[in-house]
Structure formats: structure tokens, C-alpha cells
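J.: I'd like to ask you about the structure that follows.
The values are calculated or read from the model by the stated rules, or taken from the named source; none is laboratory data. Since this is a predicted model, take the numbers as computed values, not measurements. FYI the Cβ positions are ideal-geometry reconstructions off the backbone, even for glycines, and counts take in every protein chain you see. For accessibility, only protein heavy atoms count, side chains too; no ligands or nucleic acids. Shrake-Rupley method; radii C 1.70, N 1.55, O 1.52, S 1.80 Å.
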Amino acid sequence: MKNKLLAFNWKSNKTKIETKDWLVDASSVEVPEGIQVVVFPPFTLLDVMNGYIRVNSLPFSIGAQDVSPYGKGAYTGEVSAEQVKEFSEYVLIGHSERRSNLKEDNELISKKVDQALSQELKIIVCVSSLDELSGLKPEGLVIAYEPINAIGTGNASDPKDVEEMAKKIKDVGFQNVIYGGSVNSENIKTFLDLPSIDGALIGGESLDPKSFINIIGNAV
Ligand code: PEP
């Protein structure tokens, strides 16, 4: 069976105490064969989560939600790929919330990708259209296709539209495409069963450990 990637994005949610509670409750998760799970907490929680996951041998990896477009040096507030790599295997780049709130453009996103590649991080780049693939080389990238009107709205996209778009992304050379936008434990299997879809990016439903466990349980 082909491996499917489930990526859980916490966005700017949870304190250290809330994270410890989540980890305790999520510890009973059973990850089926062929499913790979990555959680993306905020930077402030990477160390706590990394330690807990390793000590308790939890069956998932963690990733950062962003990375600096620069290397180390005089870049106040940025977190370099080398620093991310100390705690994370993965990084998320170009989420639509950053593209819209922080005006991140394709050029900036390409610089972030280059930094992440230089540290051999596993990279997920989020796009909502084919234009947002501009400047990206397919090697080493997972593309998360996330239609804007499906993110955080409870209105997941029509699976037929998702398949059509994922196929177009694959046709221009990207080998791994995941879908994001109001994925939950009820619809996860429908999306994962699409021929051109290799996983899912989940936002809101990742915050509750029960939903997290149910989504993973319903993925096969
Ligand atoms: C996301 O944050 O990328 C996302 C898809 O969020 P949600 O699952 O809440 O729609």
C-alpha cells in the first residue's frame, strides 16, 4: 500500500500546559500501516513536543509552521532552517494565511524552500492555485492543495474538483500532493481514496486529541 501523509497544523494555538494535556490524551493514538503522521505546533512548542514524543516513543513526527528565507545572522525574529532542523523533521511553507496576512509571495516562498532544502528538511508547500507553484522545483516537495474557501469554513471541497486539481499539479511534475480544507474524521477517507491524493493537511480538527485520533483511525 502507498504511504499517505497526515499533517496536522495547530496554527497559533496552545500553551505549554495545553500541549502537555493534548500529548497525554493523544498518546493512545494507533497509526495504521501505510499512514505517516506529522504535527505542526507553533515554534514555542517544538522543543516540548519533540522531547515528549521521543521519551514516550509516540508514533508521529513534528514540523515547524514556517522557516526564515535567510540563513543564520542578523535577521531579528526569524528562525533559520538550521534552528528548525534541531527540533523538526518537517516544515510547512507558504500557508495561505501567511500569503494573505503577511503578503508572502512566490519569490519569498522559493527562498524559504531553498533554505529548508539546504538543511534537508522535509517540505510541504501550500498552494491554492497553479500560479502559486511558480518558481518551485518539484524535487523534495510535497504540495498541499488548499482551496481558500475550504480552509477553516467547514465546507470541504468537492472531491471531484480536488482530484482534478491534484492531477494538474502532478502533470507539471510534482509527485506528492495532499489536500487541505475542512478535513475531518468523516470525510478523511474520501479524500485519501482519490487517485491523485497522497495525504491531507488538517487544521482545526487537530486541536482536539479525540478528533486527531479519529481522523487517523478513519484514514484506512
Ligand atoms: C489548514 O490550516 O491548512 C487547514 C486546512 O485548516 P482546516 O482544516 O481548519 O480547514
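J.: Do any residues in the stretch 190-218 that are on the phi > 0 side of the Ramachandran plot and open to solvent by less than 40 Å² (accessible area, probe 1.4 Å) have Cβ atoms under 8 Å from those of residues that are hydrophobic (A, V, I, L, M, F, W, C) and in a helix (DSSP H, G or I), where the two are at least six apart or on different chains, and which pairs are they?
T.: Qualifying pairs under 8 Å: Gly199/Leu192.
J.: Does at least one position in the stretch 85-107 carry a residue that is without any contact (Cβ under 8 Å) to a residue 60 or more places away in the chain, part of a strand (DSSP E or B) and out of contact with any Gly (no Cβ under 8 Å at 6 or more places or on another chain)?
T.: Filtering the stretch 85-107 for residues without any contact (Cβ under 8 Å) to a residue 60 or more places away in the chain gives 85-89, 91, 93-94, 96, 98-107.
Narrowing further to those that are part of a strand (DSSP E or B): 91, 93.
If we keep only those that are out of contact with any Gly (no Cβ under 8 Å at 6 or more places or on another chain) too, we end up with 93.
Within the stretch 85-107, one or more residues are without any contact (Cβ under 8 Å) to a residue 60 or more places away in the chain, part of a strand (DSSP E or B) and out of contact with any Gly (no Cβ under 8 Å at 6 or more places or on another chain).
J.: Let me ask you something else. Take the stretch 80-105 and flag every residue that is in contact with a Ser or Thr (Cβ under 7 Å, 6 or more places away or on another chain) and either on the phi > 0 side of the Ramachandran plot or crowded, with 18+ Cβ neighbours inside 10 Å (or both).
T.: Ser80, Ala81, Tyr90, Ser96
J.: What number of residues within the stretch 24-35 satisfy the criterion of being in contact (Cβ under 8 Å) with a residue 40 or more places away in the chain and not in a loop (DSSP other than H, G, I, E, B)?
T.: Residues meeting the conditions: 3.
J.: Here's a follow-up. Determine whether the stretch 40-61 contains at least one residue that is modelled with pLDDT of 95 or more, closer than 11 Å to Phe8 by Cα and among the β-branched types (Val, Ile, Thr).
T.: no
J.: Is there a residue being acidic (Asp, Glu) and within 16 Å of the ligand (Cβ to nearest atom) anywhere in the stretch 148-166?
T.: yes
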